[in-house]
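A quick write-up on the structure given underneath.
What follows is calculated from the coordinates using simple rules that are stated; it is not laboratory data. Please read all numbers here as calculations on a predicted model, not as lab measurements. Cβ placement follows ideal geometry from the backbone for every residue including glycine, while neighbour counts extend to all protein chains displayed.
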Amino acid sequence: MADFDLAVIGGGINGAGIARDAAGRGLRVVLVEQNDLASGTSSASSKLIHGGLRYLEHGEFRLVRAALAEREVLLRAAPHLIRPLRFVLPLNPQRRSALLLRLGLLLYDWIGRRKILPGTHALDLVTDPAGHPLRATFRRAFEYSDCFADDARLVVLNAMDAAERGASIRTRTRCVRAERRDVWHLVLNARGRRDEVTARILVNAAGAWVETVAETVLRQQTARPRLRLDKGSHIVVRRLYDHERAYILQTADRRVVFTIPFAGDFTLIGTTDASFAGDPATVTPTAAEIDYLCGVVNEYFRSSITAADAIWAFAGVRALYDDGARKPQDIGRDYALLLDERFGEAPLLSVYGGKITTHRRLAEDALDRLAHFFPQSRRWTAQNPLPGGDFPYDGIDALVAQTLQQWPFLGADHARRLAHAYGTRVRNVLGQAARLDDLGQRFGADLTAAEVRYLMQHEWAQHADDVLWRRSKLGLRVNAAQAAALADFMAKQFAAKASSA
Ligand SMILES: Cc1cc2nc3c(=O)[nH]c(=O)nc-3n(C[C@H](O)[C@H](O)[C@H](O)COP(=O)(O)OP(=O)(O)OC[C@H]3O[C@@H](n4cnc5c(N)ncnc54)[C@H](O)[C@@H]3O)c2cc1C
């Protein structure tokens, strides 16, 4: 008998989502991720849980409809990580007509199956505070709803839920070879240590690396669909304005750029859109891309920014299932699941494309495709919260208040950050602490040893960057010396654990 029913290569949102869904159906699951969870594209997205208004322009109604419906499902499953967000779309007749936008938004509202999120309305930018930061030429806008998520933490929560349902999650474990017999034989490299596992079914959820894995790990001979890689860059600057709405800005090249309130004191600006070739692991924003984003902001806002204002910049690579379209922005954002079954050989499911927004549906579809191997399995994820998300979708303020009441030594911002990051699991982070000093060493911003220990024990954090950039965005607030102290603390914790094991 194989060690596992399902082996998943890739600890991004799609691999973690599939592992969660499969483990919840009672399957024995192993997930291997060569770096940290969400270290690939799944921490470099625009972090929107959205239908994708501009995909309507490309006629992707099926994708937009499915993605819109996911907004409220995910909001209920993780109300700590996902928040409703209102988007202000300033009218710019040189770009798109008001009538076209009105019709698009009507459709967006109509197919969106909203119960929680408010609908679209028109804004007078002369009187509405959303107009204040904008240039006076922008006098009218539409305002509509989508959601914003902590993408990297969403991956981690899927992996946690999978692990709590019995899955084995192995980070910093690279699948170097997978041999296909009646079961799969996987050769793994975990920080130089070789290991082998067997599994009945293999899922290749390696995102932008899906074809690299097919060629070098699975050594697949058969012709596969072509993958198009599309790079997108973001920058983070100090808050551009002091309200909580986002803007969606129409650009001269018919794309859109978002400005989104981010991590308290910052604004996230993105994204660019360009074809990409090369190793996705090395992707970084170019100076031209950063200038492009600054230029779009400067066209719309009264205050102007330059590349020097970018505190952080990151880029990611989408793996797009190539449907033959010519320009990157015209290629389908939908996903494709390719099941390769052969008599006498273990099955292979390959995942192409997908969005953060549709990961739960993608996982459900993936398990449906495999249903004939596991006839007992049933869909279950739409009704079940992710770890820490077992509270009402509009209950985050109450949770912050309870956190402050129970641990009154926390400042309001600290309590809010912890409640948003951990939801009801905040009690597992803070435990019996009665004073701030009980949380141990501090590493800058409001990061304490208690939180770092929790992240190492329950969320697979091993390096300082895992904590500063993926489990949180505290990297925006700590200096180099503080990051070095954190790295030192984590290395010691790691060594102590290894010597006691
Ligand atoms: C710029 C940009 C903006 C985006 N914005 C949004 C948005 O706002 N909303 C939205 O819904 N979607 C958005 N997306 C899409 C979304 O981010 C991606 O579709 C999604 O993150 C892909 O997840 P994944 O799990 O397939 O891939 P990844 O997150 O890249 O995960 C694949 C993982 O496989 C691992 N791996 C590879 N080879 C091996 C191996 N041999 N062994 C072990 N592990 C391996 C990699 O290390 C990687 O972590 C955006 C994408 C980009 C690029």
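Side notes on the structure shown:
- Net charge, T306 excluded, C-beta distance under 13 Å - Lys, Arg +1, Asp, Glu -1: -1
- Estimated dipole of region 103-209 in Debye, rounded to 20 [Cβ of Lys and Arg +1, of Asp and Glu -1, Cα centre]: 580 debye
- Each of W110, W184, W312 was scored by other Cβ atoms within 10 Å of its Cβ. Listed from fewest to most, they are W110, W312, W184.
- Other residues lying with their Cβ under 14 Å from the Cβ of F409 contribute a combined charge of -2, Lys and Arg counting +1, Asp and Glu -1.
- Taking the Cα centre of the chain as origin and assigning +1 to Lys and Arg Cβ atoms and -1 to Asp and Glu Cβ atoms, the resulting dipole is close to 300 debye.
- Amide H to amide H, with H built 1.01 Å from N, F301 comes under 5 Å of R135, counting only residues 5 or more places away or on other chains.
- Antiparallel %, DSSP beta bridges [both residues in the chain], to 5: 80 percent
- Taking label positions 7 Å along the Cα-Cβ direction at both Q94 and E345, the computed distance is 5.7 nm, reported to one decimal.
- Each Lys and Arg Cβ is given +1 and each Asp and Glu Cβ -1; about its Cα centre, region 64-138 then shows a dipole of about 200 debye.
- Under 24 Å of direct C-alpha separation, and excluding same-chain neighbours fewer than eight residues apart, K231 reaches these lysines: K47, K327, K355, K473.
- Counted by neighbouring Cβ atoms within 10 Å, the residues V210, V187 run from fewest to most as V187, V210.
- Once the Cα-Cα distance is subtracted from the 0.36 nm per residue extended length, the A336 to W110 segment shows a gain of 78.8 nm.
- Under 16 Å from K492, Cα to Cα: aspartates and glutamates that are on another chain or at least 8 residues apart: E451, D465, D466
- Of A22, A445, I111, farthest towards positive along the dipole that unit charges on Lys, Arg, Asp, Glu beta carbons give the chain: I111
- Efficiency of FRET between E244 and D124 - r from beta-carbon atoms, R0 25 angstrom, step 0.05: 0.85
- Residues V8, V297 in ascending order of nearby Cβ atoms (within 10 Å, fewest first): V297, V8.
- Taking other residues whose beta carbon is less than 12 angstrom from the beta carbon of P90, and scoring Lys, Arg as +1 and Asp, Glu as -1, yields +2.
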